[in-house]
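Chemist: Pasting a structure below so you can have a look.
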Amino acid sequence: MASKIKKVGVFTSGGDAPGMNAAIRAVVRSCAYYKIDCVGIYRGYQGMVEGDFISLNARSVNNIINKGGTILKTSRCQEFRTSEGRKKAFDHLKAEGIDALVVIGGDGSFTGGMIFSQEFDFPVMGIPGTIDNDIFGTLNTLGFDTALNTVVEVIDKIRDTASSHDRLFFVEVMGRDVGHIALNAGIGAGAEEILIPEEDLGLERLLESLKRSRASGKTSSIVVVAEGDRTGKNVFELKDYVKEHMPMYGVRVSVLGHLQRGGAPSCFDRVLASRMGVSAVEALLEGKTNLMVGIQNNEMILTPFEKAIKGRTKIDTELIRVSDIVTI
Ligand code: F6P
């Protein structure tokens, strides 16, 4: 049965992530392939509330697959949390002739999409774009792989100076309230210790591990700390704590911050974004809605927004075991 969808609106919402532009490109090109129109919505839900739109065709998205950030910009929108704001958005979409949406973002963005879809019986598909990798229903969110490679590259540089000065470095990484970046990049960068919110090992165990490393001949160490870690001390307080108990160590801190959100997307994220963009448009054309595309066992799957939002991604305990062994 021919789809009744004639014009898809695409937008990015929440924290930006490398790969968002590749996903925008895939959505626009999929619309062109299936001969339907596509409209870019600037600044996420805020642009929808304001009617800030731009028509996009296959050529509009030339040369963006390799660019970090998002050409449509993004934002977090309070007004869309109100029914009046959502009604304004709906009226702008109808006036523009947009009859379906693809939202590229995180769980907060999907919550808005789900409420809007239910309130206005409006087809909405989600593409998970956040470096945190904290969305249920996909092994990878867009930007996670790129962020891991960025963090590993930066820690390699920190290791150069740490080993030259026989210093201990605490490196804080993003992830909001999950430890996926810390755990994976920590292993990849050869960190001696990795502190994540999912597993609070306590300060005593940290000291024991650092003392054991020192006793085994290690004269410099890297400790990766997830920003949502629950030791009860921030990285600067951890530095002071270790300096107090291990005065022989020179201790420094690096907070990586927003550099983890930038940079050219990895090939993995570009391919994932392309697959997700095509799947999202095809699902809309098949009459589906309120679903998030994801990757599991290298296949594209669809997860209801309700489950994607409420589900929690579990930390891979096998990775924790591997980390304990290879940092002996
Ligand atoms: O959700 C992505 C993320 O980068 C988190 O890892 C981080 O805690 C948060 O966004 C930072 O938010 P903002 O960019 O608004 O400072």
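Chemist: Suppose we keep just the DSSP beta bridges with both residues in segment 144-261; what percent of those would be antiparallel, to 5?
Modeler: Of the beta bridges lying entirely in segment 144-261, close to 5 percent run antiparallel.
Chemist: Length gain on complete extension for the stretch residue 258 to residue 121, per 0.36 nm per residue less the alpha carbon to alpha carbon distance?
Modeler: Residue separation times 0.36 nm, minus the Cα-Cα distance, leaves 45.6 nm.
Chemist: How far is helix 20-33 tilted off the main Cα axis of the chain, in degrees rounded to 10, range 0 to 90?
Modeler: So the helix axis and the longest Cα principal axis differ by about 30 degrees.
Chemist: Residues with amide H under 5 Å of residue 256's amide H, sequence separation 5 or more or different chain, H placed in the peptide plane at 1.01 Å from N; which?
Modeler: 172
Chemist: Ignoring any ligand, DNA or RNA, what whole percent of the accessible area of segment 144-261 comes from carbon and sulfur when the probe is 1.4 angstrom?
Modeler: 46
Chemist: Contour minus end-to-end for residue 66 and residue 166, with contour as 0.36 nm per residue of separation and end-to-end as the Cα-Cα distance?
Modeler: 32.2 nm
Chemist: Counting heavy atoms of the protein chains only and a 1.4 Å probe, report the per residue accessible area for segment 144-261 as a whole number of Å².
Modeler: Value for segment 144-261: 43 Å² per residue.
Chemist: Relative to the longest principal axis of the chain, what angle (0 to 90°, nearest 10) does the C-alpha long axis of helix 144-165 take?
Modeler: 20
Chemist: Put +1 on the Cβ of every Lys and Arg and -1 on every Asp and Glu Cβ in the chain; which of 268, 33, 118 then has its Cα farthest towards the positive end of the dipole?
Modeler: The Cα lying farthest towards the positive end belongs to 33.
Chemist: To continue, here is another question. If I model a spin label at residue 244 and residue 267 as a point 7 Å from the Cα along the Cα→Cβ vector, what separation in nanometres do I get?
Modeler: Label-label distance for residue 244 and residue 267, simple model: 4.9 nm.
Chemist: Right, here's the next one. Given a Förster distance of 22 Å, report the FRET efficiency between residue 205 and residue 230 from their Cβ-Cβ distance, rounded to the nearest 0.05.
Modeler: Calculated transfer efficiency: 0.95.
Chemist: Non-local amide H neighbours of residue 301 (under 5 Å, H modeled in plane, Pro and chain starts lacking H): which ones?
Modeler: Residues meeting the amide H criterion: 294, 295, 296.
Chemist: Translational diffusion coefficient of the chain at 37 °C, 0.692 mPa s, Stokes-Einstein with Kirkwood Rh over Cα pairs, in µm²/s as a whole number.
Modeler: Calculated translational D: 158 µm²/s.
Chemist: Let me ask something else. Counting only protein chains, not ligands or nucleic acids, how are 154, 326 ordered by accessible area (probe 1.4 Å), most first?
Modeler: I get 326, 154, largest accessible area first.
Chemist: How big is the dipole moment of segment 144-261 about its Cα centre under a simple scheme where the beta carbon of each Lys and Arg is +1, that of each Asp and Glu is -1, and everything else is neutral? Debye, nearest 20, please.
Modeler: Charge dipole, segment 144-261, about its Cα centre: 380 debye, nearest 20.
Chemist: What is the dipole size for the chain, taken about its Cα centre, with +1 at each Lys and Arg Cβ and -1 at each Asp and Glu Cβ, in debye to the nearest 20?
Modeler: 720
Chemist: With a sphere of radius 11 Å drawn around the Cβ of residue 128, what net charge do the other residues whose Cβ falls strictly inside it have (Lys, Arg +1; Asp, Glu -1)?
Modeler: Result for the local shell: -3.
Chemist: Write down the accessible area per residue of segment 1-79 in Å², having rolled a 1.4 Å probe over the full set of protein chains.
Modeler: 44
Chemist: Also, quick follow-up: So what is the 222 nm mean residue ellipticity for the chain from helices alone, if each DSSP H run of at least 4 adds -39500 (n - 2.57) and you divide by all residues, rounding to the nearest 500 deg cm²/dmol?
Modeler: -13500 deg cm²/dmol
Chemist: While we're here: Mind pulling the angle between the C-alpha long axis of helix 107-120 and the longest principal axis of the chain? Nearest 10 degrees, somewhere in 0 to 90.
Modeler: With rounding to tens, the tilt is 20 degrees.
Chemist: Let me ask something additional. To the nearest 0.05, what FRET efficiency results for residue 59 and residue 91 with a Förster distance of 22 Å applied to their C-beta separation?
Modeler: 0.15
Chemist: Rounded to the nearest 20 debye, what is the charge dipole size of segment 164-231 about its Cα centre when +1 sits on each Lys and Arg Cβ and -1 on each Asp and Glu Cβ?
Modeler: The dipole magnitude comes to about 340 debye.
Chemist: Could you calculate the contour length gain from residue 312 to residue 326, that is, 0.36 nm times the residue separation minus the distance between their Cα atoms, to one decimal place in nm?
Modeler: Computed gain between residue 312 and residue 326 is 2.3 nm.
Chemist: Grab the other residues whose beta carbon is less than 12 angstrom from that of residue 7, score K and R as +1, D and E as -1, and report the net.
Modeler: Residues near residue 7 contribute +1 overall.
Chemist: Computed from the mean reciprocal separation of all distinct C-alpha pairs, what Kirkwood hydrodynamic radius does segment 144-261 have, in Å?
Modeler: In segment 144-261 this quantity evaluates to 13.9 Å.
Chemist: Taking C-beta distances below 4.7 angstrom as the pairing criterion, name the unpartnered cysteines of the chain, in sequence order.
Modeler: 77, 267
Chemist: Going from most exposed to least, what order do 145, 166 have by accessible area with a 1.4 Å probe?
Modeler: Heavy-atom accessible area, descending, gives 166, 145.
Chemist: Straight-line reach from residue 288: which lysines have Cα under 18 Å away, leaving out those fewer than 8 places along the same chain?
Modeler: Residue 288 reaches 4, 6, 7, 307.
The values are calculated or read from the model by the stated rules, or taken from the named source; none is laboratory data. As the structure is a computational prediction, the values presented were derived from the model and not from experiment. As a convention, Cβ positions derive from the backbone with ideal geometry for all residues, glycine included, and neighbour counts pool all protein chains shown. Heavy atoms of the whole protein, side chains included, go into the accessibility calculation; ligands, DNA and RNA do not. Shrake-Rupley method; radii C 1.70, N 1.55, O 1.52, S 1.80 Å.
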